[in-house]
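Worksheet for the structure shown next.
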Amino acid sequence: MGLKNLLIEFGLTDLEKRRIDEAQPELNSAGFDDFGLDPQTLKAALAATRWIYTDYFRVKAHGLENLPAGRVLLISNHGGQIPIDGLLIGMSLLLEAKPARVVRGMIERWVPGVPFVSSFFARVGQTVGDVRNCKELLEKEQAVLVFPEGVRGSGKTIFKKYQLQRFGTGFIRLALETRTPIVPVAVVGCEEAYPSLLNFKPLAKLLGAPYVPVTPLFPFLGPIGALPLPTQVSISFGEAIYAEGDSDAPESDIEKQAELIKSKIQSMLDERVQERGRQWFRSRD
Amino acid sequence: MNSNTAERRLNVLVTGAAGGLAGTVVSRLAERYHLIGVDPRPLSRGKDFPGEFHVVDYTHRRMSEVFRSRKIDILLHLGRVPVSARVRSSERYQTNVLGTKNLLDLCRKYRVKRAVVLSTFHVYGAHPHNPGHLVEDDPLRASQNFPELRDAVEMDHLARMFLLQNSDTQVAILRPSNIVGPTIQNTISQLLRAEVCPTLLGYDPLLQFIHEADLSHAIELCIENKMVGVYNVSGEGVISYRKAIEFAGARSIPVPHFLVYGAMGALSRFRLSLPKHLVDFYRYSAVISDELFRKESGYRPRLSTQEALRSLRSIRAVVEPQHSSA
């Protein structure tokens, strides 16, 4: 308890504390929301890790004004082996969006079985990527982050960077069913942070992991090689898009709409990547 | 309710009548109903039942005699035996499954008007894949992962079959979250009354609590609003296990989960059947939604989670000196 309060006291400005308090969903008298989010843990975690956002990855967020109030589905590209992109999107909404929003990430099903990670993720508002959870959160006017590529995106090698992999279509049906605006998100920078040269499949199979990356530094340099490279990251939020039609429409119709979102994100990615050129490690400017 | 008193008072048969929860329930009902309490256990010393009380096994033929000799209008089946180190699984099966079967058969035979069966949220099982909020239609995973809970699942199943197949009796099945309160002696209440509570290192699942007074109120609503169906019922909201320990006034001590499973496995060889399944409930969340019950019955918990958890300790401090002085 003491550490948490110290972190919050010294790591966040009063304005930030107030903005985050205002961003909270309904809490019960024990201080939790229905899914186990605990704002104190969230604030402490943000205070302890904001340097990752501001100094390590020198994140630049564009288009945060495109976020509509109330329920919203954030649909983003996914890359870089570990979900740093998710973390940075979440931090940008807490630190820079007006008003601040708590991002509810949809995490992989195996995560709740992992010690420490499972309880921490729940306290900072992350839930298992179950359709029911997602729907319930949207009905409670939350901002839900979905990576429709899933592990196909995060596990891909550096040679396929910024090429969107096959998109799941569930998010379109959800958006239709709950009448939720979709905000396309393009994250540039994370995919070079872990330049995976190949996926070591036999080991992945052995560990039951979706993939095991081999980078120029990992695993050969040991734990140091496991650190992500300090690339400069930009996050772009596009204008909100409303899916149209029946949530029960045949899969081919839904796929078309998913394809539309995918191409939107791809063009946002292309634009940013081109603008950046080869300056992977440039300063925030 | 005054019209009831003018007519014949309805006969309510209460199982598990020697237990703590039944005591709280019957104290709310004693004024309006004629109560008949049954329990395989005798009443503990100094305890009084506001009505008739019979020590009887639910499968015994004397159980039929209770139905035959009186017109039972309402059955409150609160007599499920929870998993504990003291009760063998064969004994639990006898009471929970065969006992429930016999009671429901008797309800059918003697055309009992209403029945409330107290199941438990444990039937859903604790599992990392559980959705954020379990609803009544969800599969009962406990039967897959927890052999210790098979009798609870089967009892719930028997009650549901009865609900579907019998139109003469209005059946409500309640699946409450962790029941706590000054008179409750279940595993979680005893755990939280200790000075130090073990937690599983790295895990801090969400729990829900319902105070015995709120659950009694919910049971009363089932009778009075003639509820039919399966309903989750809980107290105010979710709380992490560690925070619950804090609210209950204890200290938590983290233990690696493999040590706990190992210790339990070792102890079970000495025929000490410890509630091993409970370990998973301290590792993964099994959070229920009681929205349906709230909507249909108008139920609202009156106590906050903090008040419910505090009642465990404050009353204990009051009760214990009384025991020692008596």
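The values are calculated or read from the model by the stated rules, or taken from the named source; none is laboratory data. Computed from a prediction, not measured in an experiment: that's the story for all the values here. Note: ideal-geometry Cβ built from the backbone for every residue, glycine included; neighbour counts use all protein chains shown. Each accessible area value is taken on the protein alone, full model and side chains, heavy atoms only, with ligands, DNA and RNA left out. Shrake-Rupley method; radii C 1.70, N 1.55, O 1.52, S 1.80 Å.
Shape of region A:199-266 from its Cα gyration tensor (a ≥ b ≥ c, root eigenvalues): rounded if a/c is under 1.5, otherwise prolate when a/b > b/c, or oblate?
oblate
Can you give the average number of partner chain beta-carbon atoms within 10 Å of each beta-carbon in peptide B:112-124, as a whole number? Please list the in-between numbers first.
Values: counts 0, 0, 0, 0, 0, 0, 0, 0, 0, 0, 0, 0, 0.
Mean shielding count: 0.
Over 5 Å intervals from 0, what percent of Cα-Cα pairs in region A:73-149 sits in each interval?
3, 15, 26, 28, 20, 7, 1
Along region B:172-187, what does the Karplus equation 6.51 cos²θ - 1.76 cosθ + 1.60 (θ = phi - 60°) give for ³J(HN,Hα), rounded to whole Hz, x for Gly and Pro?
10, 10, 9, 10, x, 6, 4, 7, 10, x, x, 9, 7, 10, 6, 4
Divide by every residue of chain A the summed helix terms, -39500 (n - 2.57) for each DSSP H run of at least 4, and state the resulting mean residue ellipticity at 222 nm, rounded to the nearest 500 deg cm²/dmol.
Computed mean residue ellipticity for chain A: -11500 deg cm²/dmol.
Please compute, over every Cα-Cα pair in chain B, the percentage with a separation greater than 34 angstrom.
For chain B, the fraction of Cα-Cα distances above 34 Å is 21 percent.
What ³J(HN,Hα) values, in whole Hz, does the Karplus curve 6.51 cos²θ - 1.76 cosθ + 1.60 give for region A:105-122 when θ = phi - 60°, with x put for Gly and Pro?
Along region A:105-122, the couplings run x, 9, 9, 5, 5, 7, 4, x, x, 8, x, 6, 4, 4, 6, 5, 4, 5 Hz.
Which helices, taking whole DSSP H runs in chain B, have alpha carbons extending 24 angstrom or more along the helix axis plus mean Kyte-Doolittle at least -1.0? Display every interim value, and only then the final one.
Working: long enough: B:305-325 (31 Å, -0.58).
Sorted by number, the helices that extend far enough and score high enough are B:305-325.
Tell me which residues come under 5 Å, amide H to amide H, from residue B:240 once H is placed; ignore anything under 5 positions away on its chain.
B:207
How big is the B/A interface in buried accessible area, both sides summed, 1.4 Å probe, to the nearest 100 Å²?
Rounded to the nearest hundred, the buried surface is 1800 Å².
Please report, in whole Å, how far the alpha carbons of the protein assembly as shown spread along each principal axis, starting with the longest.
Projected onto its principal axes, the Cα set of the protein assembly as shown covers 90, 54, 50 Å.
Find, to one decimal place in angstroms, the Kirkwood hydrodynamic radius of region B:16-105, where the mean of 1/r is taken over every pair of different Cα atoms and then inverted. Write down the numbers at each step before the final one.
Values: mean 1/r = 0.0730 Å⁻¹.
In region B:16-105 this quantity evaluates to 13.7 Å.
Please report how far the C-alpha centroid of region A:187-235 lies from that of region B:53-116, rounded to the nearest whole angstrom.
61 Å
Please list B:257, B:129 from largest to smallest accessible area, probe radius 1.4 Å, with all protein chains kept in place.
Putting B:257, B:129 in descending order of accessible area: B:129, B:257.
Give the accessible surface of region B:11-310 per residue, rounded to a whole number of Å², with probe radius 1.4 Å and ligands, DNA and RNA excluded.
Each residue of region B:11-310 exposes 41 Å² on average to a 1.4 Å probe.
Under 5 Å between amide hydrogens, which residues at least 5 positions from residue A:104 or on another chain qualify, with H placed 1.01 Å from N in the peptide plane?
Those qualifying (amide H under 5 Å, at least 5 residues apart or on another chain) are A:143, A:144, A:145.
How shielded is B:103-110 by partner chains, expressed as the average number of their Cβ atoms within 10 Å of its Cβ atoms?
Details: counts 0, 0, 0, 0, 0, 0, 0, 0.
Counting other chains' Cβ atoms within 10 Å and averaging over B:103-110 gives 0.
Quote the charge dipole size of chain B about the Cα centre in Debye, to the nearest 20; the model charges only the Cβ of Lys and Arg (+1) and of Asp and Glu (-1).
In total the dipole reaches around 700 debye.
Might you report the magnitude of the Cβ-based charge dipole of region A:1-152 about its Cα centre, with Lys and Arg at +1 and Asp and Glu at -1, to the nearest 20 debye?
Values: 18 positive and 19 negative charges, 44 e Å.
For region A:1-152, the charge dipole is close to 220 debye.
What does the highest-first list of A:171-177, B:195-201, A:184-190 look like by mean Cβ count within 10 Å?
The packing order, highest mean first, is A:184-190, A:171-177, B:195-201.
Simple spin-label model, 7 Å along Cα-to-Cβ: residue A:221 to residue A:116 in nm?
2.2 nm
Starting from the Cα gyration tensor of region A:1-140, take the square roots of the eigenvalues, sort them a ≥ b ≥ c, and report rounded, prolate or oblate (rounded when a/c is under 1.5, otherwise prolate if a/b is larger than b/c, else oblate).
Rounded.
Within 10 Å of each Cβ of A:109-119, how many other protein chain Cβ atoms are there on average? Before the final figure, lay out the partial values.
On the way: counts 2, 2, 1, 9, 6, 3, 8, 4, 1, 8, 11.
What the average comes to for A:109-119 is 5.
Once the Cα atoms of region A:92-231 are picked out, what are the Rg and Dmax in Å?
Final numbers for Rg and Dmax: 16.7, 48 Å.
Would you kindly derive the ³J(HN,Hα) couplings of region B:199-205 from the backbone phi angles with the Karplus curve 6.51 cos²θ - 1.76 cosθ + 1.60 (θ = phi - 60°), listing them in order in whole Hz, with x for Gly and Pro?
Karplus values, whole Hz, x for Gly and Pro: 10, 8, 3, x, 10, 8, x.
So what does log10 I(q)/I(0) come out to for chain A at q = 0.08 Å⁻¹, using the Debye formula with one equal point on every Cα and no solvent?
-0.33
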